[in-house]
Amino acid sequence: QEHIKLTDQLRSLLRSLRRVSELPDCCFNMEPNNEDNVSFIPSASPAVPITQITAAPVPGLSPIPPPSFPPPMAPIPVARPPTFRPPQNGGAKASDSDSESDDEHYVISEESKQVRERQEKAMQELLIKRRAAAIAVPTNDKSVRDRLRRLGEPITLFGEQEMERRARLAQLMARLDIGGQLDKLLQAYEDDAAPKEEVDEEELQYPFFTEGPKELREARIEIAKFSIKRAAVRIQRAKRRRDDPDEDVEAETKWALKQAKGLALDCSNFGDDRPLTGCSFSRDGKILATCSLSGVTKLWEMPQVTNKIAVLKDHKERATDVVFSPVDDCLATASADRTAKLWKTDGTLLQTFEGHLDRLARVAFHPSGKYLGTTSFDKTWRLWDINTGAELLLQEGHSRSVYGIAFQQDGALAASSGLDSLARVWDLRTGRSILVFQGHIKPVLSVTFSPNGYHLASGGEDNQCRIWDLRMRKSLYIIPAHANLVSQVKYEPQEGYFLATASYDMKVNIWSGRDFSLVKSLAGHESKVASLDITADSSCIATVSHDRTIKLWTSSSNEEEEEDQGGETMDVDL
């Protein structure tokens, strides 16, 4: 714009100079006034004599000589600057006055071209926005999807909401309208989408899902039957605790929190030469399994973890997680070699689960003990049949790597968490993603279900532990749990009286399951705490760390003190 303004000023100056130069030499002559006796004869030519001024003589005064003026100067030639000539359409010729500077052109710099391109682009976007605001766009989301489909565009994008989808359709229609293609495209797609008379309607129907194997259908039916029975037992127990006058829930909660507050370090032992990554108690609490970056899984005899029962060696890379079956004496391990393995407690390898395309993160057993869930950095989690080793389900849904996995105690739901900062809840009976919890601002590394069936806890790299309510479909409470990332969360397995969180700040914190206040902080590790587990009766907590040690934490209260205080005991259903 500055160049254009300068060019216009130069043009106006040149036109003025041309008009002055084309005028003829002028001469102004004034006849002498007889009364004043004055004559003034100027001339533009140097040959004209100098102007003379005479005055009448005054008596008593000597005459004044006429003043002398310098000779007139010759006109100064003016140099004409180069003129800018924009290209003319149709080969139009320039005027005769500009013929002398036809070979002189003003060159536009690259910066000016870029500025002009940006201006044109901004104007184009402004026109598109104005046109999009004027175009009639359907407000019904189903109609918006149908219109996008007719235009050959994806009907939805990842994470796109209804208003964003409608705005995308408006922008697309505005662009097509400016290009003159909207009516033709819509007409063409409407003609293609119209059903033809000779085509049977049954041939146009197709499933909107990917059909799974027969084994998956049978597994879903079995999971549905199992979950109905477990849910009935849970609801019946909840009603009994509510209606039975002998049930004192408040007293049981206080007793459990008192036991948790009395947790202290009972024993500590080195578990491996490399940092430990996972631990798990057997269902009877007599065996503790640990895994490490060396790829070796070890089984320890409780309660002192000094005697090794078995050493499981078959993984080719580091082991990432270990978990015991809830129904029998077998355990599963996950590894960075993209496989999961099923073992007996005597060290016998039962199954190898292969199929993931990247390293595994976590592994979990279904409450029925018949299925195994694994998560991987290939952005999927999978469900396996432990008896046949077959892959029943390959579940996508996370945009980044999947890390944590947990099953509800009823067996109907599964929860997964990933590096996309989301926690998803899946219905295993239908295969649908029924809930998506958004709130964490960094990757979510662990999830766990509460025994009550409707609370879900998650922890991640944002140092927070969030409690989600499946009934209200929102975050119930946010716990600023640690000074570093939360590596694992675990509910007390019987009634969810308290929640334990492990962190890379070298601490394990115990939180009340009632008001989520801090009950106890377990400090003793010298490096990052990678994993923890709680026994079925909540009497012991095991933690493993990158300092290569296993630590067992038990309550300092003994049975004699409990009997002295009235014999309070925790109602445990095994």
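The values are calculated or read from the model by the stated rules, or taken from the named source; none is laboratory data. Quantities reported herein were computed from a predicted structural model and do not represent experimental measurements. In this analysis, Cβ positions are derived from the backbone assuming ideal geometry, glycine residues included, and neighbour counts consider all displayed protein chains. When the accessible area is computed, the model is the full protein with side chains, heavy atoms only, and any ligands, DNA or RNA have been set aside. Shrake-Rupley method; radii C 1.70, N 1.55, O 1.52, S 1.80 Å.
Diagonalise the Cα gyration tensor of the stretch 414-541 and give the resulting equivalent ellipsoid semi-axes, square root of 5 times each eigenvalue, largest first, whole Å.
On the way: eigenvalues 105, 57, 32 Å².
Semi-axes (√(5λ), whole Å): 23, 17, 13.
How large is ³J(HN,Hα) for each residue in the stretch 377-382, as worked out from phi by the Karplus curve 6.51 cos²θ - 1.76 cosθ + 1.60 (θ = phi - 60°), to whole Hz, x for Gly and Pro?
7, 8, 6, 9, 10, 10
Taking a probe of 1.4 angstrom, what is the accessible area of TYR403 in Å², to the nearest 10?
Accessible area of TYR403: about 60 Å².
Amide H of VAL296: which non-local residues (sequence gap of 5 or more, or other chain) have their own amide H closer than 5 Å, using H built in the peptide plane?
Those lying under 5 Å, H to H, from VAL296 are ALA319.
I need the peptides 121-127, 452-458, 536-542 ranked by packing, meaning the mean over residues of other C-beta atoms within 10 angstrom, with the highest value on top. Each step should come with its number before you reach the end.
Working: 121-127: 11.0, 452-458: 21.4, 536-542: 19.6.
Top of the packing list down: 452-458, 536-542, 121-127.
Indicate the gyration tensor shape class of the stretch 280-417 (rounded, prolate or oblate), computed on the Cα atoms with a ≥ b ≥ c the square roots of the eigenvalues: a/c under 1.5 is rounded; otherwise a/b larger than b/c is prolate and the rest oblate.
It comes out prolate by the Cα gyration axes.
With the radius of gyration and the Kirkwood radius both derived from the Cα set of the stretch 213-328, what is their ratio Rg to Rh?
1.11
For the stretch 415-454, what does the alpha-carbon gyration tensor say about shape, rounded, prolate or oblate, given a ≥ b ≥ c as the root eigenvalues, a/c under 1.5 as rounded, and a/b over b/c as prolate? Walk me through the numbers on the way to the answer.
On the way: a/c = 2.28, a/b = 1.42, b/c = 1.60.
Because a/c hits 1.5 or more and a/b fails to exceed b/c, the stretch 415-454 counts as oblate.
Could you tell me whether the stretch 359-453 comes out rounded, prolate or oblate from its Cα gyration tensor? Rule is a ≥ b ≥ c as square roots of the eigenvalues, rounded for a/c under 1.5, then prolate if a/b exceeds b/c, otherwise oblate. Spell out each step's value before the answer.
Numbers: a/c = 1.75, a/b = 1.27, b/c = 1.38.
In terms of gyration-tensor shape, oblate.
Give the peptides 318-331, 250-263 in descending order of average Cβ contacts within 10 Å, highest first.
Details: 318-331: 21.1, 250-263: 17.9.
By packing density, highest mean first, the sequence is 318-331, 250-263.
Heavy-atom accessible area per residue, the stretch 365-429, 1.4 Å probe: how many Å²?
Values: 1750 Å² over 65 residues.
About 27 Å² of surface per residue is accessible.
Using a 1.4 Å probe on the protein heavy atoms only, what accessible surface does ILE467 show? Give it in Å² to the nearest 10.
Answer for ILE467: close to 0 Å² accessible.
Three principal axis extents, largest first, for the C-alpha atoms of the stretch 211-265, in Å?
Here the spans come out as 52, 37, 12 Å, largest first.
As an exercise, use a Förster radius of 25 Å and the Cβ-Cβ distance of GLU2 and ARG130 to find the FRET efficiency, rounded to the nearest 0.05.
Values: r = 28 Å, r/R0 = 1.13.
After rounding, the FRET efficiency stands at 0.35.
Using only Cα atoms, figure out Rg for the stretch 477-524 and give it as a multiple of 2.2 N^0.38 Å. Intermediate results must be reported in sequence, preceding the final value.
Details: Rg = 10.1 Å, N = 48, 2.2 N^0.38 = 9.6 Å.
Cα-based Rg divided by the globular estimate yields 1.06.
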